[in-house]
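Colleague: Submitted below is the structure of interest, expressed as structure tokens.
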Amino acid sequence: MTHLVVVGGGLAGLTAAIAAAEAGVDVTLLDDAACAASASVQAQGGFSAVTAAGVAAGDSVGSHVADTLEAGALHGDAAVVAAICSAAADHVATLTRWGTVWDAAPDGSVALTREAAHAAARIAHCGGDATGAGIIQAVLRHALRLEDEGRLELRGDQRGAGLLVQAGAATGVLLPDGARIRADAVVLASGGISGVYATRTSRHPNPADAAAMAWRAGAVLADAEMVQFHPTYSAEAGFMLTEALRGEGAVLRDADGQRFMLALDERAELAPRDVVARGVAAAQGGAWLDAAPIVERRGPGFLARRFPTVTAALERAGLDLERGPVAVRPAQHYWMGGVAVDQHARSTVPGLLVVGEASRTGLHGANRLASNSLLEAVHTGLAAVATVGSGRHLEAGSLALADPLPVELDEGCGAPLQAVRTIADARLGVDRDEAGLRVALRELERPGQSEAPGNARASSESIAARLVATAALYREGSLGAHHRVDTAGTDRGGARPGSTITLINPHPTAQNDLHGGSQNGGQHSTGRNSIHQTHTKEVAR
Ligand SMILES: Cc1cc2nc3c(=O)[nH]c(=O)nc-3n(C[C@H](O)[C@H](O)[C@H](O)COP(=O)(O)OP(=O)(O)OC[C@H]3O[C@@H](n4cnc5c(N)ncnc54)[C@H](O)[C@@H]3O)c2cc1C
């Protein structure tokens, strides 16, 4: 029987694990935080899909494809975009079968809302603005049922520390205590790089292990410079204010009360995220999200009903969108870059399948369209299992990308985590320039620095930050979320806009260990109770 190990229990990993269990594959899922610290569980706005109700209202998959490519600055892979958008309604049905309860329209169909840069209302959601919690609660419950039936093993307190690689192929996962889990294929599903930044929308910093593990194993990474910043993060509340608020009519104002987005883009507040994030970053004296147009149109009480999660988070900070505008700023939100995979979730390392935010499929191009990543998580999770089912997981992914640039990173040094975050916020943010990127690389490679005593290796965050900085330096022109203020509007060699920067480690290690040393004394528990209890608490927040 094929044995699959999935590293990461967000939506992508849980999808892969459930699909594998349902297909009769022997599967073990490792998550470092009881599946409660994922970006998935924090998703607010929703899941994009052109459903039958959407088609009846005049929407089309072609329109979803066009919006995705347009938001991604035409840097996405059109074939991948078409395949994923076409399958979206089926994925909504799969999540429904696994127990997801979507908010319903009066006729009982899945209710659809609109978000920035979408031409139509095509965002399915749960609990108003608690889509991730709604989906993960249902999917995790389904996974726990499968575990009860002995069809799936969940280890909810287990961090994957590295990949085992033999003869160039992934053969399993290394645990922090040095124990090994052998597998026929590994599904890397441990998410993005939010932990690289201090200012981020995720309440739980992702340690960027997927990037570091894949890098060390010799997988090609692509679009590393493409980091998305969400334009409306409330620093006071420590909470992101979903784009669906602007979809419902909220506007952005500067210190003079002016709607500055009107002058920057004809779509104003509904322009793609990269455009709005740059507008917010440049707004005179700061920027505020003003929901008065929603209150005027929908009446008092609507905001609390439609956006209960945001309303409660603001209330905890003494803020209230119904009473007045809330100050916002851009914050790191999503990594379009990642481990390069083909349509079958295969990386360039045989046996290593990569799904969700950890992967770079070509869906998002240079800037992700709102609500397309939960969709990608499900799509890639299912694709990985189909690949294992077809027995083609030991073939390297066939990528139509330029030859990767070999990049030497000194793993013996690296700035401590707090310094990495300070550098990333200052130099790898919305606006970048060559001088700042060179300073960032120098500071990130500070010799003799290491995060933990006795740890001779750089942290995953430090590796990921250096990959972002390297690619950002190499792409001299601006494209989508990558904005070079020193060469804005031009592309001076290095990489043409529209082409993809790919990076590879010229000296991959056969067995790579993120931090070394024993962290749990080799004890492995299934973590079922910890997953159950922690998750229940998380979704109740
Ligand atoms: C605040 C917020 C709101 C968002 N809203 C939306 C939205 O409305 N719609 C949308 O489409 N997208 C949204 N996104 C983006 C979306 O949530 C993520 O891109 C997507 O959920 C990624 O899913 P994933 O399964 O790949 O990764 P994640 O959901 O991040 O899951 C990764 C999992 O791996 C675990 N992990 C990490 N490292 C290790 C390791 N070494 N070993 C074991 N486990 C590990 C983590 O704890 C986590 O459980 C939002 C993101 C944020 C932060």
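Colleague: How many of the residues making up the range 189-208 are more than 9 Å from the ligand (Cβ to nearest atom) and not in a helix (DSSP H, G or I)?
Modeller: 5
Colleague: Shifting gears a bit: Considering only residues that are surrounded by fewer than 19 Cβ atoms within 10 Å (Cβ to Cβ) and part of a helix (DSSP H, G or I), which ones fall in the range 275-310?
Modeller: Correct list: 281, 282, 292, 293, 295, 296, 297, 298, 302, 304, 305, 308.
Colleague: Going by what's in this entry, would residue 217 be described as in contact with a strand residue (DSSP E or B) (Cβ under 7 Å, 6 or more places away or on another chain), in the same structural domain as residue 114 (by TED's automatic domain parsing) and farther than 19 Å from residue 501 by Cβ?
Modeller: So residue 217 fits the description; yes.
Every residue, every condition in (1) among the basic types (Lys, Arg); (2) part of a loop (DSSP other than H, G, I, E, B); (3) crowded, with 18+ Cβ neighbours inside 10 Å, yes or no:
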| residue | (1), (2), (3) |
| --- | --- |
| 99 | no, yes, no |
| 116 | no, yes, yes |
| 120 | no, yes, no |
| 133 | no, no, yes |
| 136 | no, no, yes |
| 142 | no, no, yes |
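Colleague: So residue 177 ticks every box in (1) near the ligand (Cβ under 10 Å from one of its atoms); (2) modelled with pLDDT under 95; (3) of a type in the set (D, E, K, R) but one. Which box is left unticked?
Modeller: Only one criterion is unmet by residue 177, namely (1).
Colleague: So, in the range 311-322, of the ones that are open to solvent by 30 Å² or more (accessible area, probe 1.4 Å) and of a type in the set (A, V, I, L, M, F, W, C), which residue ends up nearest to the chain's Cα centre (by Cα)? It would help to see each step written out before you state the result.
Modeller: Taking the range 311-322 as the starting set, the residues that turn out to be open to solvent by 30 Å² or more (accessible area, probe 1.4 Å) are 311-312, 315-320, 322.
Pick out the ones that are also of a type in the set (A, V, I, L, M, F, W, C) and you get 312, 317, 319.
On the way: 312: 24, 317: 26, 319: 28 Å.
Selected residue: 312.
Colleague: Within the range 51-72, is even one residue among the aliphatic types (A, V, I, L, M), more than 13 Å from the ligand (Cβ to nearest atom), open to solvent by 20 Å² or more (accessible area, probe 1.4 Å) and not in a helix (DSSP H, G or I)?
Modeller: Here is the first cut: in the range 51-72, the residues among the aliphatic types (A, V, I, L, M) are 52-53, 55-57, 61, 65-66, 69, 71.
Adding the requirement that they be more than 13 Å from the ligand (Cβ to nearest atom) leaves 52-53, 55-57, 61, 65-66, 69.
Of the ones still in play, those that are also open to solvent by 20 Å² or more (accessible area, probe 1.4 Å) are 52-53, 55-57, 61, 65-66, 69.
Cutting the leftovers down to not in a helix (DSSP H, G or I) gives us 57.
Checked against the condition, which is being among the aliphatic types (A, V, I, L, M), more than 13 Å from the ligand (Cβ to nearest atom), open to solvent by 20 Å² or more (accessible area, probe 1.4 Å) and not in a helix (DSSP H, G or I), the range 51-72 yields at least one hit.
Colleague: Working only within the range 474-489, note down all residues that are open to solvent by less than 30 Å² (accessible area, probe 1.4 Å) and within 23 Å of the chain's Cα centre (by Cα).
Modeller: 475, 479, 480, 481, 482, 484
Colleague: What number of residues in the range 9-30 are near the ligand (Cβ under 8 Å from one of its atoms), in contact with a strand residue (DSSP E or B) (Cβ under 7 Å, 6 or more places away or on another chain) and in a loop (DSSP other than H, G, I, E, B)?
Modeller: 1
Colleague: Right, here's the next one. Any residue in the range 81-92 that is touching a residue at least 40 places away in the same chain (Cβ under 8 Å) sitting within a Cβ distance under 6 Å of a residue that is among the hydrophobic types (A, V, I, L, M, F, W, C) and buried (at least 24 other Cβ atoms within 10 Å of the Cβ)? List the pairs, counting only those 6 or more apart or interchain.
Modeller: 81/363; 84/363; 88/49; 88/375; 89/49; 91/378; 92/49; 92/124
Colleague: Do you know which residues across the range 205-216 are buried (at least 24 other Cβ atoms within 10 Å of the Cβ) and more than 15 Å from residue 7 (Cα to Cα)?
Modeller: 215, 216
Colleague: Got a sec? Which of 15, 68 is closer than 13 Å to residue 372 by Cα, at pLDDT 95 or above and of a type in the set (Ser, Thr, Tyr)?
Modeller: Criteria check complete, one pass: 68.
Colleague: Within the range 35-49, how many residues are within 16 Å of residue 6 (Cα to Cα) and in contact with a strand residue (DSSP E or B) (Cβ under 9 Å, 6 or more places away or on another chain)?
Modeller: Number of matching residues: 1.
Colleague: I would also like to ask the following. On the basis of being open to solvent by less than 50 Å² (accessible area, probe 1.4 Å), farther than 23 Å from residue 94 by Cα and of a type in the set (Val, Ile, Thr), does residue 388 make the cut?
Modeller: no
The values are calculated or read from the model by the stated rules, or taken from the named source; none is laboratory data. The model shown is predicted, which means the values in this text are computed figures rather than measured ones. In this analysis, Cβ positions are derived from the backbone assuming ideal geometry, glycine residues included, and neighbour counts consider all displayed protein chains. For the accessible areas, the whole protein counts, side chains as well, though only heavy atoms, and no ligand, DNA or RNA atoms are used. Shrake-Rupley method; radii C 1.70, N 1.55, O 1.52, S 1.80 Å.
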